[in-house]
Amino acid sequence: MKFTVAIDGPAAAGKGTISKAIAAEFGLAHLDTGLLYRAVGAKVLAGAEPVAAAEALAPDDLTPEDSLRTPEVAQAASRVAADPEVRAKLLEFQRNFARREGGAVLDGRDIGTVICPEAEVKLFVTASAEARAERRFLELQGKGHAVTREQVLDDVKARDARDSSRDAAPMVAAEDAVLLDTTEMTIEQALDRARAHILLKMK
Ligand code: CDP
Ligand code: CDP
């Protein structure tokens, strides 16, 4: 069955982990829309103009994934993401992806509200800022990035504030989204809840 799953929420809440697992399990394509903004942010850090960088974005820009997953690039992503013109340049690609033949999972901040308001399944995944920062810190440390806990918590809090207060497609749960607070959950528990919700919606 073809359906679209929209997964939104703040930094390091577990959106990507849940999206990847759900996509594999239900045979859906997956798009991490944060990577698009990170790729634009990285280009801006390298001197590009934001709107031009968004317009020229190519598949190759998304491949050096690890270098896009630093707090510095995350901050740059969150800054360019507040620009409505940048968002407009990235809209069609995301909508086309969502309309794919076999169905899709997209994760980000505005999937259930702006990109796919018609999605059959919407989840808003969250957790306390401290829990999210600790997870992201361990993840970055594991990949050999030289970051401190403080730096990661600062990044998470600054992006939470900027992403939810901007005028253009702010981070907010869609009215019909199911809230999933994973602060006290393992990945398996969070996945069980996500899976149960999808099965219920698709019955
Ligand atoms: O995509 P998003 O930024 O929302 O988060 P993620 O990349 O899926 O998860 C961030 C980190 O938290 C990863 O290292 C996950 O393995 C970990 N995680 C966790 O420890 N417990 C959860 N319930 C969910 C994610
Ligand atoms: O992985 P994490 O949740 O830390 O961040 P991300 O999903 O890679 O997103 C990086 C930044 O891109 C966010 O802080 C947002 O400012 C922006 N973003 C957005 O505005 N809209 C989306 N659909 C996805 C990301």
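Restricting to region 103-133, name every residue that is more than 21 Å from A21 (Cβ to Cβ) and more than 14 Å from the chain's Cα centre (by Cα).
If the condition is that a residue be more than 21 Å from A21 (Cβ to Cβ) and more than 14 Å from the chain's Cα centre (by Cα), then P117, E118, S128, A129, E130, A133 are the ones that fit.
Give me a count of the residues in region 163-174 that are under 13 Å from I7 (Cα atoms) and open to solvent by 60 Å² or more (accessible area, probe 1.4 Å).
At the first step, the residues of region 163-174 found to be under 13 Å from I7 (Cα atoms) are 171-174.
Now restrict to residues that are open to solvent by 60 Å² or more (accessible area, probe 1.4 Å): 172.
Number of matching residues: 1.
Would you be able to tell me the number of residues in region 164-179 that are assigned to a loop (DSSP other than H, G, I, E, B) and touching a residue at least 12 places away in the same chain (Cβ under 8 Å)?
Going through region 164-179 one residue at a time, the tally reaches 11.
Just to check your reading of the model, which residue among A133, A82 is touching a residue at least 40 places away in the same chain (Cβ under 8 Å), in a loop (DSSP other than H, G, I, E, B) and surrounded by 16 or more Cβ atoms within 10 Å (Cβ to Cβ)?
On the way: A133 fails: in a loop (DSSP other than H, G, I, E, B).
After applying the criteria, what remains is A82.
Going residue by residue through region 17-35, is there one that turns out to be within 13 Å of ligand 2 (Cβ to nearest atom), part of a helix (DSSP H, G or I) and farther than 22 Å from A173 by Cα?
no
Going by what's in this entry, would K201 be described as over 15 Å from the mean Cα position of the chain (by Cα) and farther than 25 Å from L28 by Cβ? Break it down stepwise before answering.
Working: over 15 Å from the mean Cα position of the chain (by Cα): yes; farther than 25 Å from L28 by Cβ: no.
Spelling it out, it is not the case that K201 is over 15 Å from the mean Cα position of the chain (by Cα) and farther than 25 Å from L28 by Cβ.
Which of the residues belonging to region 181-203 are touching a residue at least 60 places away in the same chain (Cβ under 8 Å), touching a strand residue (DSSP E or B) at 6+ places or on another chain (Cβ under 7 Å) and within 16 Å of ligand 1 (Cβ to nearest atom)?
Across region 181-203, the qualifying residues are T182, A190, A194, H197.
The conditions are (1) touching a Gly at 6+ places or on another chain (Cβ under 9 Å); (2) within 14 Å of ligand 2 (Cβ to nearest atom); (3) open to solvent by 40 Å² or more (accessible area, probe 1.4 Å); (4) not in a helix (DSSP H, G or I), and G102 fails exactly one of them. Which is it?
Failed condition: (2).
Give the residue, chosen from A131, A173, A127, that is small (G, A, S), within 16 Å of ligand 1 (Cβ to nearest atom) and more than 25 Å from D66 (Cα to Cα).
From the options A131, A173, A127, the qualifying one is A173.
Suppose we filter A12, A42, A21 for residues that are within 16 Å of ligand 1 (Cβ to nearest atom) and open to solvent by 20 Å² or more (accessible area, probe 1.4 Å); which single one remains?
Exactly one residue qualifies, and that residue is A21.
List the number of the failed condition for V147; all other conditions in (1) on the phi < 0 side of the Ramachandran plot; (2) surrounded by fewer than 16 Cβ atoms within 10 Å (Cβ to Cβ); (3) over 20 Å from the mean Cα position of the chain (by Cα) hold.
Of everything listed in (1) on the phi < 0 side of the Ramachandran plot; (2) surrounded by fewer than 16 Cβ atoms within 10 Å (Cβ to Cβ); (3) over 20 Å from the mean Cα position of the chain (by Cα), V147 misses just condition (2).
Looking at (1) closer than 22 Å to D66 by Cβ; (2) more than 13 Å from ligand 2 (Cβ to nearest atom); (3) within 14 Å of the chain's Cα centre (by Cα), which one does R136 not meet, given that it meets all the others?
Single failed check for R136: (2).
Among the numbered criteria (1) open to solvent by 40 Å² or more (accessible area, probe 1.4 Å); (2) within 20 Å of S19 (Cβ to Cβ), which one does D160 miss?
So the condition that D160 fails would be (1).
The values are calculated or read from the model by the stated rules, or taken from the named source; none is laboratory data. Since we're looking at a predicted model, the values are computed, not measured. Positions of Cβ are generated from backbone atoms using ideal geometry, with glycine treated the same way; all protein chains shown enter the neighbour counts. Areas reflect the complete protein model, heavy atoms only, side chains present, ligands, DNA and RNA absent. Shrake-Rupley method; radii C 1.70, N 1.55, O 1.52, S 1.80 Å.
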